[in-house]
1. Residue by residue through the stretch 65-96, note down the ones that are in a loop (DSSP other than H, G, I, E, B) and either small (Gly, Ala, Ser) or free of Cβ contacts under 8 Å to residues at least 24 places away in the same chain (or both).
2. Are there any pairs, at least 6 apart or on different chains, whose C-beta atoms fall under 6 Å, with the first in the stretch 1-26 and among the hydroxyl-bearing types (Ser, Thr, Tyr) and the second in a helix (DSSP H, G or I), and if so, which?
3. Does the stretch 54-62 contain any residue that is part of a helix (DSSP H, G or I) and hydroxyl-bearing (Ser, Thr, Tyr)?
4. Restricting the first residue to the stretch 36-64 and requiring it to be surrounded by 15 or more Cβ atoms within 10 Å (Cβ to Cβ), which pairs with a second residue that is among the β-branched types (Val, Ile, Thr) meet a Cβ separation below 6 Å and a spacing of at least six or different chains?
5. Output the residues belonging to the stretch 32-53 that are at pLDDT below 95 and either farther than 16 Å from GLY18 by Cα or more than 12 Å from the chain's Cα centre (by Cα) (or both).
Amino acid sequence: MTYLVLAGCFLAVAVIAGAALSIVARRRGPRPVAVVVTILALFVLTAVFDTVMIATGLFHYAPEHLLGVHIGLAPVEDFAYPLAGALLLPALWAALRLRRRAAGRDDDAGGRP
């Protein structure tokens, strides 16, 4: 299995879960501009720190499993993970926040001691 296939599977799961959680959250998720800014920041950080870690020898990739496109020393496959996080985590946060608000309303209606 190549790193591209692995990253693609991971990204697909994150996109599907993020879409489902956005539906659950009733579109009360983060603003798209905030997500885009987050993705750009994570990509810059990934490029810088992956390049530093690869250059210092902390890890390496088998070249036969890579697509061959790099940003700095970081293979393009590495950028799927911050992209998945930036798409999935805000949707998860919005869904959990909605659930917490709904639970709070139920608790208030029940009359806590």
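1. Selection gives GLY68, VAL69, GLY72, LEU73.
2. THR2/HIS65; TYR3/HIS65; TYR3/GLU77; SER22/ALA91
3. For the stretch 54-62, residues part of a helix (DSSP H, G or I) and hydroxyl-bearing (Ser, Thr, Tyr): absent.
4. ALA47/ILE71
5. Within the stretch 32-53, PRO32, VAL33, ALA34, VAL37 qualify.
The values are calculated or read from the model by the stated rules, or taken from the named source; none is laboratory data. Being a predicted model, the structure only gives us computed values, none of them experimental. We place every Cβ from the backbone using ideal geometry, glycine too, and count neighbours over all the protein chains shown.
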